[in-house]
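Right, one structure below, let's go through it.
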Amino acid sequence: MSVPTLAPYIMKRPWLMRWMKPLSHWYFNNAGYRKLGLRADDLIPEESELMQRALKRLSPKEAYDRVFRMRRAFQCSLSHQLLPKDEWTKAEEDVPYISPIITELEAEKTERQDLETIVMKRPANKA
Amino acid sequence: MLSRSVLARQAQRAARASWQHETRRGLAAPASGSFSYDSGDAQGIKVASRDQTGPVTTLALVAKAGTRYQPLPGLTQALERFAFKSTENRSTLRIQREAELLGSELNSYHSRENLVLGAKFLRDDLPYFVELLAEVVTQTKYAPHVLHEEIFPLIQLEQKKFLGSPLSMATNSAYGLAFHRGLGVPLYPSSSLPVAKYIDPEGVADFSNAAYAKPNFAIVANGATHNELSKWVNEFFTDIPAQPSFQITSEQSKYYGGEERIAHGSGNALVIAFPGSSSPTGSSYKPEVAVLAALLGGPSAIKWSTGSSKLLLATAEAPNLFAHTKSTIHSDAGLLSIALSGTADDIRLVAKPVVDALKAIAQGVSKEDLAKAKALAKFKELENGQATEGSLELTGAGLILNGKPYQIDEVAKNVDSVTAEKVQAVAKAALEGKASVSAVGDLYVLPYAEEIGLKV
């Protein structure tokens with residue numbers, strides 16, 4: 001599920017972006033998931049129909065990597081440890097890999113709803 | 001008793017009816033010009049149209065991408081199924097809903113040589129559908145999940161359907177025997193072929209770039225004026241690659257022949273095939289093959305009657321048997337095939353008489369029989385040419401391969417010139433050469449080619 005976000009609003013305004021960027025870096029580095037080797041998209045809850053369909057559309061490589069990251073993080077969590085620092089997720093590795101698929105699926109869903117409730121008016125000359 | 005007002009109303013209605021009738025005719029008059037297709041060029045794409053009267057237009061894009069030309073098994077089917085799926089602009093759902101709202105029918109199918117994407121719609125909507133076809137051709141997204149979620153299951157179902165039908169298995173096996181690769185590639189891969197191994201989204205996209213390049217497809221319309229069609233093609237088919245990403249080629253078909261027997265649990269079929277004629281636009285066109293096919297005949301054209309074609313006379317002992325002769329034409333070769341389908345005992349019983357009937361034709365054809373067969377062959381050609389679907393594909397194929405559309409008037413003339421000697425010669429050549437015989441079903445009962453007097 002895509003969450004409501006201010007990002008597009010901020011990215012449209014360069015001055016605001018300059019302000020917010022260090023703040024967001026600071027926030028994400030302190031969120032802790034990177035220290036377990038996860039990516040932000042790994043934190044999206046899986047328990048929804050939409051997410052299940054999105055997971056099916058991942059390429060085999062991406063799906064494998066996702067499971068690997070999760071198992072590693074789980075292991076760390078069980079043993080109350082963090083990964084060694086060189087294995088932390090770097091900021092440039094933390095890219096969305098499943099949220100584009102989710103947005104696409106949501107767009108499909110809204111499109112279906114729109115089409116189902118459409119009211120058709122033919123131009124008069126074609127009647 | 002008729003009151004005055006009733007009469008007046010009738011008169012009014014009659015007057016109105018005649019007036020309406022006349023206006024309709026007036027509109028149709030320039031439209032019903034010709035039976036044959038006008039062909040031309042728009043944006044370097046071959047375009048043909050026939051302005052048949054009527055409110056419905058049939059539009060088809062015929063691409064040289066049938067099973068004969070596919071580089072890997074199943075690619076043609078995958079490309080066929082990807083038609084009208086999500087494009088860069090529109091989703092699958094939107095395309096379907098828009099087509100429904102306009103009142104139309106979208107379809108795609110393939111034959112041995114061609115892949116046809118077609119639409120049937122009301123005359124006014126021509127621009128919309130030309131644009132849609134252009135979009136399908138250039139902007140379809142060949143997404144992996146569509147292939148896995150929607151297309152593979154359909155291909156697998158087709159494979160199962162193919163495996164379940166002894167007659168189509170026998171026909172395709174006869175094609176394989178006759179032409180080996182190229183034309184001999186089965187229309188549907190059998191289910192033991194791991195299609196998923198050969199097809200991936202990139203491969204399909206690559207094949208589409210080759211199949212939907214300017215030299216490899218034609219646009220044919222039925223019920224649209226040539227000017228109108230060219231105008232819209234000019235407007236919408238702008239970013240079509242001029243050269244294919246790889247050359248789509250197939251060797252000149254060569255006839256081999258042979259025998260194949262496949263065990264099958266649910267039905268029996270025997271297909272006997274001989275080299276036939278190419279399409280009229282091709283090189284080895286022999287109208288006498290069509291006459292021979294008509295002479296041998298198929299099921300009776302009249303309901304509840306036994307019919308009097310040679311094949312029906314030969315199979316009279318087995319009335320429940322399906323027997324059919326067909327002359328299939330392709331761009332550079334063709335196949336004359338006799339298909340028998342029914343119980344194994346019936347097939348065994350009539351297989352020999354059927355070959356004997358062909359031998360009798362090789363000895364001599366009576367005048368009446370020939371006249372009857374010619375009339376039937378001519379009728380079948382003309383009927384096929386007049387019906388929209390058949391002629392669309394033939395016209396498109398003729399345009400791509402030979403630069404000439406399929407003109408039914410000429411074909412009819414060719415049938416007229418067939419003589420008894422020519423038909424005899426074809427029958428004789430068929431019996432002397434190697435036949436392609438394929439038996440599918442209960443192999444203990446089904447006869448071998450040698451047993452029924454054929455050379456393989």
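The values are calculated or read from the model by the stated rules, or taken from the named source; none is laboratory data. As the structure is a computational prediction, the values presented were derived from the model and not from experiment. Cβ atoms come from the backbone with ideal geometry, glycine included; neighbour counts cover every protein chain shown. Heavy atoms of the whole protein, side chains included, go into the accessibility calculation; ligands, DNA and RNA do not. Shrake-Rupley method; radii C 1.70, N 1.55, O 1.52, S 1.80 Å.
Among B:Val56, B:Val185, B:Val411, flag the residue with its Cα farthest along the positive direction of the charge dipole of the protein assembly as shown, charges on Cβ as +1 for Lys/Arg and -1 for Asp/Glu.
B:Val56
When chain A is modelled as a GNM with alpha-carbon springs shorter than 10 Å, which of A:Thr103, A:Thr89, A:Thr117 fluctuates the most?
A:Thr117
Using a cut-off of under 19 Å, list every residue of the range B:136-173 whose amide N is near the label point 7 Å from the Cα of B:Ile262 along the Cα-to-beta-carbon line.
B:155-173
What are the residues of the range B:76-124 that lose 50 Å² or more of accessible area, with a 1.4 Å probe, going from their chain alone to all protein chains?
Buried-area filter returns B:Leu93, B:Arg94, B:Arg97, B:Leu101.
Return the sequence-ordered ³J(HN,Hα) values of the range A:13-20 in whole Hz as given by the Karplus equation 6.51 cos²θ - 1.76 cosθ + 1.60 applied to θ = phi - 60°, using x for Gly and Pro.
Each residue of the range A:13-20 in turn: 10, x, 5, 5, 4, 4, 5, 7 Hz.
Evaluate Rg over Rh across the range B:351-409, taking Cα atoms for both radii and Kirkwood's formula for Rh.
That ratio equals 1.18.
Using a Förster distance of 56 angstrom, determine the FRET efficiency expected from the C-beta separation of A:Ser24 and B:Asp124, and round it to 0.05.
0.55
Relative contact order of the range B:273-355, please, whole-number percent, based on alpha carbon pairs below 8 angstrom and at least 6 residues apart.
Over the range B:273-355, the number comes to 36 percent.
For every helix of n ≥ 4 consecutive DSSP H residues, a contribution of -39,500 (n - 2.57) applies; sum these over chain A, divide by its total residues, and give [θ] at 222 nm rounded to the nearest 500 deg cm²/dmol.
-17000 deg cm²/dmol
For the interface of chains B and A, what total accessible area is buried with a 1.4 Å probe, rounded to the nearest 100 Å²?
Using a 1.4 Å probe, the pair buries roughly 1000 Å².
Select from B:Ser305, B:Ser436, B:Leu335 the residue farthest towards the positive end of the dipole of the range B:258-452; place +1 on Cβ of Lys and Arg, -1 on Cβ of Asp and Glu, and compute about the Cα centre.
B:Ser305
Assuming R0 = 22 Å, can you tell me the calculated FRET efficiency for the pair B:Lys455 and B:Arg181, based on Cβ-Cβ distance, to the nearest 0.05?
0.45
Report the longest stretch of chain B that contains none of the chymotrypsin sites (Phe, Trp or Tyr not before Pro) sitting in a DSSP loop with at most 15 other Cβ atoms within 10 Å.
Free of exposed loop sites, the longest segment is B:36-245.
How much length, in nm to one decimal, is gained on full extension between B:Val56 and B:Ala196, taken as 0.36 nm per residue of separation minus their Cα-Cα distance?
Separation in residues times 0.36 nm, less the Cα-Cα distance, equals 46.5 nm.
Output the Kirkwood hydrodynamic radius of the range B:293-357, Cα pairs only, in Å rounded to one decimal.
12.2 Å
Averaging sequence separations of C-alpha pairs under 8 Å and six or more residues apart, then dividing by the length of chain B, give the relative contact order as a whole percent.
About 20 percent, as a whole number.
How many times 2.2 N^0.38 Å is the alpha carbon radius of gyration of the protein assembly as shown?
This ratio for the protein assembly as shown stands at 1.26.
Cα-based Rg (one decimal) and Dmax (whole number) for the range B:258-452, in Å?
16.9, 49
Evaluate the relative contact order of the range B:258-452 (contact order divided by residue number), counting alpha-carbon pairs under 8 angstrom at least 6 apart; express in whole percent.
37 percent
Find, among the GluC sites (Glu not before Pro) in the range B:223-263, those assigned to loop by DSSP (not H, G, I, E, B) with at most 14 other beta-carbon atoms within 10 angstrom.
B:Glu251
Based on C-alpha coordinates, I'd like the Rg and Dmax of chain B, in Å.
Using the Cα atoms of chain B, the pair Rg, Dmax is 24.6, 83 Å.
Subtract the Cα-Cα distance of B:Lys404 and B:Lys428 from 0.36 nm times their separation in residues, and report this length gain in nm to one decimal.
5.5 nm
Report the label-to-label distance for A:Thr103 and B:Val445 in nanometres (one decimal), using points 7 Å from each Cα along the Cα→Cβ vector.
6.5 nm
From the alpha carbon gyration tensor of chain A, can you work out the equivalent ellipsoid semi-axes (sqrt of 5 times each eigenvalue) and give them in Å, largest to smallest?
38, 22, 11
Can you work out the FRET efficiency for the pair B:Thr419 and B:Glu105, with r the C-beta to C-beta distance and R0 = 45 Å, to the nearest 0.05?
With R0 = 45 Å, the Cβ-Cβ based efficiency is 0.55.
For a 28 Å ceiling on Cα separation, which of these pairs sit above it: A:Lys12/B:Lys85; B:Lys161/B:Lys286; B:Lys326/B:Lys455; B:Lys254/B:Lys303; B:Lys303/B:Lys372?
Violating the 28 Å limit, Cα to Cα: A:Lys12/B:Lys85; B:Lys161/B:Lys286; B:Lys254/B:Lys303.
Rounded to the nearest 500 deg cm²/dmol, what is the calculated helix-only ellipticity per residue at 222 nm for chain B, with -39500 (n - 2.57) per DSSP H run of length n ≥ 4?
Result for chain B, helices only: -14500 deg cm²/dmol.
Please return the longest stretch of chain A lacking exposed loop sites, where trypsin sites (Lys or Arg not before Pro) count only if DSSP places them in a loop and at most 16 other Cβ atoms lie within 10 Å.
Here the longest segment lacking exposed loop sites spans A:13-89.
At 7 Å along the Cα-to-beta-carbon direction for both A:Thr117 and B:Glu389, put a label point, then send me their distance in nm to one decimal.
In this crude label model, A:Thr117 to B:Glu389 measures out at 4.0 nm.
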